[in-house]
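K.L.:
Just dropping this structure here.
The values are calculated or read from the model by the stated rules, or taken from the named source; none is laboratory data. In this text, all values refer to a predicted model and were calculated from it rather than measured experimentally. Methodologically, a virtual Cβ is constructed for each residue, glycine included, from the backbone with ideal geometry; neighbour enumeration extends over all protein chains shown. Each accessible area value is taken on the protein alone, full model and side chains, heavy atoms only, with ligands, DNA and RNA left out. Shrake-Rupley method; radii C 1.70, N 1.55, O 1.52, S 1.80 Å.
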Amino acid sequence: MTTPPFDPARIPREALPALVQACPKAELHIHIEGSLEPELIFALAQRNGVSLPYASVEALRAAYAFTDLQSFLDIYYAGASVLLHERDFEDMAWAYLQRAHADHVAHAEIFFDPQTHTARGVDIGVVFRGLGAACERARRELGLSTALILCFLRHLSEEDAFATLEQALPYREHFIGIGLDSSERGHPPEKFARVFARCRELGLRLVAHAGEEGPPAYIESALDVLRVERIDHGVRCLEDAALVRRLARDRVPLTVCPLSNVKLCVYPQMAQHRLVELLDAGLCATVNSDDPAYFGGYVNRNFLEIFATLPLDAGHAWQLMRNSFEASFIDEAARARHLAAVDDCFRRFAAA
Ligand code: HPA
Ligand code: ZN
């Protein structure tokens, strides 16, 4: 592990909330459909004449009591049903990007689920153009860089994923990579071996959700069969010591989502979250919001809750902020620039 360019003991725990707020960071695990706040769901439902099975914003929010991943996904897909037109996708993404900017996110790699929309008759071009307009506006007005990662829904067939890839290829310059999300249990990475091999040939970056609810073996097959470069979640790697050593040795990043893990009952409470063990094992773990509108907060809320609850110090904070840029798919010049900005921020706090 790299040594910090400052003395972590000079930054007390009480300073960590201000440091988290001030420090530039990358967010690498955010489902844009999971940033749809209940207020926007209702506004879009009204604008588009879509009826919702909830009487009010409050009634919808009250339904956000999840027992596992599937109980969340059922509500998350229902919420996305209000997205029909380019402007809807643009409004959703712009709302997220403004919140991310307020959290000092300098770069965001954003997941989207085209099959959720094409299955309802929405053309994939509508999705690309709407999200693309918001991302372009964020670059121009906020100085926030973005990249889109197209996720295949793993509860659907590999044939459906291939068909989605075909529809997406005319928009190849609009996305940098491929992910795999939705119901993990019973849908191992191997199910998508051929389509991921094709995406690799096309030069797309590859990531996959694995080891959130699924076993450590799914993390191994995501690496060995799908040949992904990052694991989304991955927290269940801790059940396999050899796998932890491999992830540390190869610096395979894990995009960890603490509030999500508590809301979806991967851990009963934040105090039981095992992020510290991941960091202390030398893993390139990062902190992300996953589905911020559903799980109680955006990326800085995740940082604030882990620092309030877990035995983490300024050295860990520095590692997490650095890891977010180390694990990102930005070019080397941008990476060096962002890493220098992180170091500057920590040096400033250590000198205060
Ligand atoms: N896991 C799997 N699929 C998802 C998630 C998640 O946390 N969020 C949105 N789709
Ligand atoms: Zn996710």
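K.L.:
Run the helix sum for the chain: -39,500 (n - 2.57) per DSSP H stretch of 4+ residues, divided by residue count, reported at 222 nm to the nearest 500 deg cm²/dmol. Spell out each step's value before the answer.
P.N.:
Numbers: 17 runs with 169 residues, N = 352.
So the helix-based figure for the chain works out to -14000 deg cm²/dmol.
K.L.:
Which three lengths, in whole Å and largest first, does the chain cover when its Cα atoms are put on their principal axes?
P.N.:
Principal extents (Cα only, largest first): 56, 41, 40 Å.
K.L.:
What is the list of residues in segment 267-288 whose amide nitrogen lies under 17 Å from a point 7 angstrom out from the Cα of Ala248, following Cα to Cβ?
P.N.:
Label zone hits: 274-286.
K.L.:
Over segment 56-167, average the accessible area per residue using a 1.4 Å probe and give it in Å², no decimals. Intermediate results must be reported in sequence, preceding the final value.
P.N.:
On the way: 4250 Å² over 112 residues.
Per-residue accessible area for segment 56-167 comes out at 38 Å².
K.L.:
Highest mean first, how do 283-292, 315-324 rank when packing is the count of other Cβ atoms within 10 Å averaged over residues? If you can, show how the numbers build up before the last one.
P.N.:
On the way: 283-292: 26.9, 315-324: 23.9.
The packing order, highest mean first, is 283-292, 315-324.
K.L.:
Now for a different question. State the answer as a single residue: which of Ala45, His316, Leu259 lies farthest towards the positive end of the charge dipole of segment 18-351, with beta carbon charges of +1 for Lys and Arg and -1 for Asp and Glu, about the Cα centre.
P.N.:
Of Ala45, His316, Leu259, it is His316.
K.L.:
With a 1.4 Å probe and every protein chain kept in, tell me what percent of the accessible surface of segment 206-352 is carbon plus sulfur. Show your work: numbers first, answer last.
P.N.:
Numbers: 2510 of 4950 Å².
About 51 percent, which is the carbon plus sulfur part of the accessible surface.
K.L.:
Using only the Cα atoms of segment 132-179, construct the convex hull and provide its projected area averaged over every direction, in square nanometres to one decimal. Present the calculation step by step, with values, prior to reporting the outcome.
P.N.:
Details: hull surface 15.1 nm².
The number I arrive at for segment 132-179 is 3.8 nm².
K.L.:
With all pairs of different alpha carbon atoms counted, what Kirkwood hydrodynamic radius in Å does segment 116-197 show? Can you show the working numbers first?
P.N.:
On the way: mean 1/r = 0.0718 Å⁻¹.
About 13.9 Å for segment 116-197.
K.L.:
Computed from the mean reciprocal separation of all distinct C-alpha pairs, what Kirkwood hydrodynamic radius does segment 8-106 have, in Å?
P.N.:
Working: mean 1/r = 0.0638 Å⁻¹.
Mean inverse Cα-Cα distance, inverted, gives 15.7 Å.
K.L.:
Okay, moving on. Based on the mean of other beta carbon atoms within 10 Å per residue, what is the order of 54-64, 147-157, 259-269, 168-178, most packed first? Provide the component values of the computation, followed by the final result.
P.N.:
Details: 54-64: 14.0, 147-157: 21.3, 259-269: 18.5, 168-178: 16.4.
Output ranking for 54-64, 147-157, 259-269, 168-178: 147-157, 259-269, 168-178, 54-64.
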